[in-house]
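Undergrad: There's a structure below that I have some questions on.
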Amino acid sequence: QKEAKGPDAIAALGKLQSRVNAAQQELAKTKKAAASGEKMIKGKEVLAEEDEKIKQVEADVSSAEKKVKPGEEEAALGIEQAQPSDEDIEAIAVALTSGQKTLKASQRVVEANAAGSPAPLKASLQKLAARCKDALSKISELMTLTKDQRELVMSRAHVREGKAKVDEVETAMEKVNEAELPYLKGIEILDVKEATSTVAVCEAAAAAVQTAINAARNFIAAKNLEIKQFGQAAAKPAAEEFTQLTERVNAASAKLGQFKKDTESRKKTALMQEAGQKVSAAEAAVKQMAEAVEPFTKEGGETEISDEEGEKLVARLKETQAVLSDASSFLAARQKEVAGNAERTETFKDLQNRIKEAKSEMAKHQKVASGHEQRYTAKKLLAEASETLAGMDEEVKKATDACAPLLEEGGEKFLVATSVRTLAAALRDHMKDKALTHEGLFNDVAGSSEGISQDKFVAWLEKLPEALGREEIGFNPERRVAMFKHIDSDGNDSISLSEFKAVFLQRFTCVKEITVTEGLEVAKSKTTFKINTGTTLETIHGPQTDESNGMVRIECTVVSSGKTGFVTMQGNQGTKFIELISPFTIFSEEVDKVIEDALKSLTKVAGFFTTKGKELLNAGKEGPLAEARTELGKLRPKVSAAQEKLRKLKLNMANGKKDYAKKELAEKNAHIEARERKEAEAITGPATAKVEAMEAAGKGLEEASKPLVSLSGAELEAFATPVAILEEAEKLLEAATKSIEEAKTSVAEQLEKLPKADPKTPLKGAMMEAKRDLQKM
């Protein structure tokens with residue numbers, strides 16, 4: 001709006017604003033209608049769902065009424081209330097209580113949806129709400145009629161359920177008794193394994209009893225509150241029963257408390273036993289370590305050891321350290337558990353002394369083994385680093401070699417493959433026009449031979465553009481030879497029929513899910529199956545247009561299933577459903593994967609050096625490990641250099657792909673540019689000739705008048721034929737002037753012959769160069 005200047009621009013802007021406002025108003029109406037429709041749909045869904053729920057409750061209420069209220073005959077005899085059985089009353093109470101909850105919830109939902117609903121829907125929802133109120137009223141009436149019998153029946157039911165829950169508590173207590181049987185045989189201390197498993201069983205049994213006790217207590221408490229609302233006749237007996245049940249639960253709880261205390265004590269004893277076993281295992285491991293280092297304590301113990309000996313020594317050292325550490329940690333965790341028990345405290349102290357002594361012995365052995373361990377570890381580490389770097393170099397070489405067809409060869413073989421596809425497209429049209437088969441076309445080229453030789457193919461291809469009237473297949477001699485070698489896949493200097501047919505084979509990938517039909521015309525064809533994104537298709541046919549809708553379609557075969565049909569390549573609105581799989585596309589995807597895999601591999605290599613560097617931080621300033629750390633530091637830059645090389649390779653590939661796309665487009669448009677250049681030369685030619693004639697006339701005038709122009713003073717007076725020279729110059733000037741006018745006229749005429757340019761189709765290429773050349777003239 002700020003940029004609009006002048007009355008015309010302001011008026012145009014005003015019209016556009018009016019159109020925008022009108023569109024916004026229409027959009028608002030559409031949104032309102034959509035919201036109203038959505039509310040209508042939701043309201044109908046609520047109506048259907050809640051109607052089903054209310055119908056069920058109404059059925060339950062009707063059934064209850066028949067059992068509670070007297071029938072017509074009973075009413076006629078003066079009977080005001082029926083006598084349902086206790087079972088019926090219990091079922092009625094459960095159904096009516098549930099029904100009350102359902103009706104109240106339905107009423108809230110219905111009333112909320114009725115507000116703001118369209119009149120017809122609102123009326124239906126309000127009727128539903130009225131039915132809720134009516135059913136709730138009937139439930140209240142039935143609850144009143146059955147109050148005394150219902151309370152009595154429900155209180156008895158509660159007591160029955162309470163007894164069942166207390167029975168579960170006592171049954172669980174029996175399993176507790178069974179769990180501790182191993183400790184009741186007279187053996188005070190069990191084997192560690194048996195003790196550990198028995199304690200686990202006891203803890204599980206105790207947890208089950210506790211769960212049952214909690215469930216029973218919660219139930220009794222809840223039902224005690226409920227029966228307080230009942231009449232005395234029902235409440236008093238039930239309360240007395242619940243008191244007795246509570247006493248049984250409390251008795252079980254007391255037994256459980258003692259059992260938990262005993263189990264805890266037994267668990268601590270078992271853990272101390274296990275600690276003893278771990279300390280014994282640590283002592284045994286230290287003894288084995290002593291035997292392992294014993295040969296190195298003798299004279300000459302500092303000599304180099306074999307890789308096998310080093311590996312065994314390091315393995316033994318790590319294993320002993322692990323066992324010793326495990327025993328020490330396990331024992332430390334027992335310190336709090338021995339408090340208050342003299343026997344366990346004494347055992348704990350003894351184990352502490354033993355583990356301390358084992359650590360002391362281990363320190364001596366480790367001192368002896370340390371030098372050998374460091375030398376072996378350093379040697380192994382550097383060997384692993386060298387192996388890792390060798391693998392890294394192989395990854396970089398693999399990636400570099402993979403990129404070579406594009407970065408070193410310029411993608412030439414892919415450009416050749418593109419030329420072969422261009423040839424195939426032209427030949428498909430030719431075969432369609434002439435009703436030729438692949439075999440027929442092959443025989444036309446091969447003649448009496450079984451195959452097509454290079455000379456025969458090149459000669460045929462040279463004449464083909466003119467024969468078919470297809471200038472896009474006018475390839476240069478080098479490209480024609482390269483195409484022959486590309487098609488001759490077995491390299492036997494002859495194109496066979498199968499190799500010739502392969503020229504026409506194309507592969508596509510599905511980029512958007514679409515159905516396949518049995519014929520070209522969608523409207524007249526039956527859908528046979530569907531293909532999903534990523535499905536690979538192949539065909540020897542060319543694209544066809546469904547004239548009824550403008551869609552471009554092609555007959556293809558699904559590679560994975562062998563099913564055949566017509567697939568839409570591009571919809572009538574431009575949507576692509578399948579894309580050509582070109583050799584360059586496959587190459588690019590494969591190379592990208594190779595580079596990414598190599599980068600990931602190098603990331604792991606860098607991680608290896610980082611991890612090992614951290615591990616060696618505390619290796620000190622001297623010794624094998626310190627030397628290994630220094631060597632690793634020297635090797636690390638190689639990793640960085642390799643990573644940088646791969647990053648540059650990835651960048652070069654990205655630029656190479658762009659350059660290749662330009663090359664491919666240039667080759668695709670080469671015949672168009674050649675034609676336009678020829679047309680441009682035809683336009684500039686006449687003007688160029690006139691300008692050249694003008695320049696020649698000017699040069700003749702200059703040469704003729706040179707004697708007069710170059711002389712002065714006495715030399716000019718002494719010149720023998722000044723008049724003749726002057727007359728000749730005047731004639732040449734007249735001719736030059738005429739030539740200039742002719743050149744100007746010719747340039748103007750030729751400029752008019754150039755295609756008219758506009759913002760949508762500006763002049764470019766050869767025509768633009770022709771315009772510049774003419775303007776310079």
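The values are calculated or read from the model by the stated rules, or taken from the named source; none is laboratory data. Note that the structure is predicted; figures quoted are calculated from it, not measured. Cβ atoms come from the backbone with ideal geometry, glycine included; neighbour counts cover every protein chain shown. The protein model used for the area step is the full one, side chains on, heavy atoms only, and it has no ligands, DNA or RNA in it. Shrake-Rupley method; radii C 1.70, N 1.55, O 1.52, S 1.80 Å.
Undergrad: Among the candidates THR263, THR243, single out the residue that is at pLDDT 90 or above, under 56 Å from the mean Cα position of the chain (by Cα) and among the β-branched types (Val, Ile, Thr).
TA: Going through THR263, THR243 in turn, the sole match is THR263.
Undergrad: Considering only residues of the stretch 133-176 that are surrounded by fewer than 18 Cβ atoms within 10 Å (Cβ to Cβ) and of a type in the set (Ser, Thr, Tyr), which is farthest from ALA207 (Cα to Cα)?
TA: SER137
Undergrad: Here's something else I'd like to know. Give me the pairs, please: first residue somewhere in the stretch 23-48 and within 27 Å of GLN126 (Cα to Cα) and modelled with pLDDT of 75 or more, second residue anywhere and in a helix (DSSP H, G or I) and not hydrophobic (A, V, I, L, M, F, W, C), beta-carbon distance under 6 Å, and either six or more positions apart or on two chains.
TA: GLY43/ASN113; VAL46/ASN113; LEU47/SER124
Undergrad: For the stretch 585-618, give me each residue that is within 30 Å of LEU665 (Cα to Cα) and open to solvent by 30 Å² or more (accessible area, probe 1.4 Å).
TA: Within the stretch 585-618, THR585, ILE586, GLU589, GLU590, ASP592, LYS593, VAL594, GLU596 qualify.
Undergrad: Could you name every one of the strands (runs of 3 or more DSSP E) located completely within the stretch 508-568 that has at least 1 residues being aliphatic (A, V, I, L, M) and buried (at least 16 other Cβ atoms within 10 Å of the Cβ)?
TA: Strands (runs of 3 or more DSSP E) meeting the threshold: 514-517, 527-531, 536-539, 551-558.
Undergrad: Residues that are assigned to a helix (DSSP H, G or I) and over 46 Å from the mean Cα position of the chain (by Cα): does the stretch 495-506 have at least one?
TA: No, that holds for no residue.
Undergrad: Further question: One residue is enough: does the stretch 435-448 have a residue meeting the conditions outside any strand (DSSP E or B) and under 20 Å from SER582 (Cβ atoms)?
TA: No, there is no match, as no residue in the stretch 435-448 is outside any strand (DSSP E or B) and under 20 Å from SER582 (Cβ atoms).
Undergrad: Out of all the residues in the stretch 353-372, is one or more touching a Lys or Arg at 6+ places or on another chain (Cβ under 8 Å), modelled with pLDDT of 90 or more and part of a helix (DSSP H, G or I)?
TA: There is no residue in the stretch 353-372 that is touching a Lys or Arg at 6+ places or on another chain (Cβ under 8 Å), modelled with pLDDT of 90 or more and part of a helix (DSSP H, G or I).
Undergrad: Counting only residues that are surrounded by 12 or more Cβ atoms within 10 Å (Cβ to Cβ) and of a type in the set (D, E, K, R), which one in the stretch 619-648 is farthest from ALA378 (Cα to Cα)?
TA: Looking at residues that are surrounded by 12 or more Cβ atoms within 10 Å (Cβ to Cβ) and of a type in the set (D, E, K, R), I get ARG647.
Undergrad: Next question. Only one of (1) open to solvent by 50 Å² or more (accessible area, probe 1.4 Å); (2) over 30 Å from GLU664 (Cβ atoms); (3) not polar (S, T, N, Q) is not met by LYS413, so which one is it?
TA: Evaluating LYS413 over (1) open to solvent by 50 Å² or more (accessible area, probe 1.4 Å); (2) over 30 Å from GLU664 (Cβ atoms); (3) not polar (S, T, N, Q) leaves (2) as the failure.
Undergrad: For the stretch 241-257, does any single residue satisfy the condition of being under 14 Å from ARG156 (Cα atoms), open to solvent by less than 50 Å² (accessible area, probe 1.4 Å) and of a type in the set (Gly, Ala, Ser)?
TA: no
Undergrad: Being touching a residue at least 12 places away in the same chain (Cβ under 8 Å), surrounded by 13 or more Cβ atoms within 10 Å (Cβ to Cβ) and more than 30 Å from ALA93 (Cβ to Cβ) narrows it down to one residue among ALA216, ALA238, ALA179, ALA200; which is it?
TA: ALA179
Undergrad: Go through GLU74, GLU80 for me and flag whichever is in a helix (DSSP H, G or I), among the charged types (D, E, K, R), modelled with pLDDT under 75 and more than 53 Å from the chain's Cα centre (by Cα).
TA: Unique residue meeting the criteria: GLU74.
Undergrad: Run GLN454 past the list (1) more than 47 Å from the chain's Cα centre (by Cα); (2) closer than 29 Å to THR557 by Cα; (3) surrounded by fewer than 17 Cβ atoms within 10 Å (Cβ to Cβ); (4) of a type outside the set (Asp, Glu) and report the number of the one that doesn't hold.
TA: Just one mismatch for GLN454, condition (2).
Undergrad: Right, another one. From the residues in the stretch 296-321 that are over 14 Å from SER370 (Cα atoms) and open to solvent by 60 Å² or more (accessible area, probe 1.4 Å), which one is modelled with the highest pLDDT?
TA: Among residues in the stretch 296-321 that are over 14 Å from SER370 (Cα atoms) and open to solvent by 60 Å² or more (accessible area, probe 1.4 Å), the one modelled with the highest pLDDT is GLU319.
Undergrad: Restricting to the stretch 457-487, name every residue that is over 49 Å from the mean Cα position of the chain (by Cα) and charged (D, E, K, R).
TA: GLU462, LYS463, GLU466
Undergrad: Of all the residues that make up the stretch 123-148, how many are touching a residue at least 40 places away in the same chain (Cβ under 8 Å) and in a helix (DSSP H, G or I)?
TA: 13
Undergrad: On to the next question. Taking GLY491 and the conditions (1) assigned to a helix (DSSP H, G or I); (2) out of contact with any strand residue (DSSP E or B) (no Cβ under 9 Å at 6 or more places or on another chain), which numbered condition does it fall short on, given that it satisfies the others?
TA: For GLY491, the failing item is (1).
Undergrad: List pairs: first in the stretch 331-344 and assigned to a helix (DSSP H, G or I), second open to solvent by less than 40 Å² (accessible area, probe 1.4 Å) and of a type in the set (D, E, K, R), Cβ under 6 Å, 6+ apart or cross-chain?
TA: VAL338/ARG344
Undergrad: Go through (1) at pLDDT below 95; (2) touching a Leu at 6+ places or on another chain (Cβ under 8 Å) and name the single condition ILE213 misses.
TA: In the conditions (1) at pLDDT below 95; (2) touching a Leu at 6+ places or on another chain (Cβ under 8 Å), ILE213 misses (1) alone.
Undergrad: Within the stretch 457-481, track down each residue that is touching a Leu at 6+ places or on another chain (Cβ under 9 Å), surrounded by 18 or more Cβ atoms within 10 Å (Cβ to Cβ) and over 14 Å from ARG421 (Cβ atoms).
TA: LEU461, LEU464, ARG480
Undergrad: Let me ask something else about it. Which of the residues belonging to the stretch 397-418 are among the aliphatic types (A, V, I, L, M) and closer than 12 Å to VAL591 by Cα?
TA: ALA399, ALA402, ALA404, LEU406, LEU407, listed by residue number.
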